[in-house]
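Input: a single structure, listed below in structure tokens.
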Amino acid sequence: MAEFVGILTAGGDSPGLNAAIRGVGKAAIGAYGMQIIGFRDGFRGLMQDRTLRLAGPELSGILTVGGTILGTSRDKPYKMPVGDQTMDMTSVMLETYHRHHLDALVCLGGGGTQKNAYHLSQHDMNVITLPKTIDNDVWGTDSTFGFDTALGIATEAIDRLHSTAHSHHRIIVVELMGHNAGWLALGGGIAGGADVILLPEIPYDVEVVADAIRRRQRRGSGFSIVAVSEGAMSKEDAEALAQAKAEKAKAKEKEDDKKKARAKAKLVELTETMQDKTIRLSRRLEELTGLESRVTILGHLQRGGTPSAADRLLATRLGAACADFIHQGVFGVMVAARGEGAEAIPLADVVGKRKLVPLDHPWLQTARHIGVCLGDR
């Protein structure tokens, strides 16, 4: 039976992390008599053996607190900056794991954390993970904790932008996070009443977007709200990026180092050019419609603050389920939300995948039926 459990939070911070730490800790201690230690700042803390004892006092009062009491980082076990070198520190982490006589290591994080945890599970560690990210893009789970809170923040921001857009007869382009998945922009856009929603899953035609805004003008609506995911791109940009990736893959397949270097440089150049694509979209819409266009980038505002009730509940029940799985000796898995319950999904099935918005998803159908332009027709 498991007695000693370690826990860490890795990747970007997210509302609900403390609720999940509390859920794991209270269930593990209260139901099974385990002892819990936290590692500070993600996998780096595991490597450096920087710990925090997690008992009753440490778990008290953190349910409503945003961020993570353990701190976080994006360090990878097998590619970690140490001084002026990048090193594989897996063996050092294994030493820390055994030094504390751990029976299990709980890792809270998004897609990158699932991959890193899977790596450790292949090196004599009993690992179990929980899915955290505001992007909601972790494969295999109905939802990730952090998403509902970010969705509420995005919706409120769009609500507030309506008044200034209406007053000044402007286009307001609001950029939301989400990486390469459109869940946050789609959900926030629908809930906030955006007129245009642009997603990574659907490359957009700026002429189609401009035409939708001009039609609103003709109907007497002199303003428009455009909700755009940070990963969204135009059809032209998407085609150029796909071509560059194909050229890089082809050069790698033929083992042509010169072509591979050129393809890599082109890919880097394209990626850098696309960093200001929301600004370029705003300027282009202004040119095509004759309306003033302003950009609001919400950025890390979406990650901060008190977690919503839904995220507290999700994080707590997944944390408690995690303690159950540890007691049962179930490792090498992610604790996924499934309906009102939880399911242990093998990490091998999770890594390397991303949950994107399906093109037949009901949210997309809803958006089209209420007249939202998605930039493709």
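The values are calculated or read from the model by the stated rules, or taken from the named source; none is laboratory data. Keep in mind the model is a prediction, meaning the values are calculated, not measured. Glycine also receives a Cβ, built like all others from the backbone with ideal geometry; neighbour counts cover every protein chain displayed. Quick note on the areas: whole protein, heavy atoms, side chains included, nothing else; ligands and nucleic acids left out. Shrake-Rupley method; radii C 1.70, N 1.55, O 1.52, S 1.80 Å.
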Let me have the relative contact order for the stretch 1-95, percent, based on Cα pairs under 8 Å that are six or more residues apart.
34 percent
Averaged per residue, the 1.4 Å probe accessible area of the chain, protein heavy atoms only, in Å², is roughly 45 Å²
Separation between the D349 and H101 pseudo-spin-labels, each 7 Å from Cα along Cα→Cβ, expressed in nm?
3.5 nm
Under-23-angstrom lysine pairs by C-alpha in the stretch 230-276, whenever the two are 8 or more apart or on separate chains:
27
Extension gain from Q85 to D376, taking 0.36 nm per residue of separation minus the Cα-Cα distance
100.2 nm
Hey, what angle do you get for helix 147-168 against the long axis of the chain, alpha-carbon based, 0 to 90 degrees rounded to 10?
20 degrees
Cα shape, the stretch 220-315, gyration tensor, a/c 1.5 rule:
oblate
Classify the stretch 152-238 from the C-alpha gyration tensor, please: rounded if a/c falls under 1.5, else prolate or oblate depending on whether a/b exceeds b/c.
oblate
Show the residues, 5+ positions off or on another chain, whose built amide H is closer than 5 Å to the amide H of V82.
M87
Taking protein heavy atoms only, a 1.4 Å probe, and rounding to whole percent, the accessible area of the chain owed to carbon and sulfur comes out at 50 percent
What list of ³J(HN,Hα) couplings, whole Hz, do you get for the stretch 289-303 from phi and the Karplus terms 6.51, -1.76, 1.60, once you set θ to phi - 60° and write x for glycine and proline?
10, x, 9, 4, 10, 10, 10, 10, 10, 6, x, 6, 4, 5, 8
Per the rule of 0.36 nm per residue minus the C-alpha distance, extending H369 to K250 adds in nm 38.7 nm
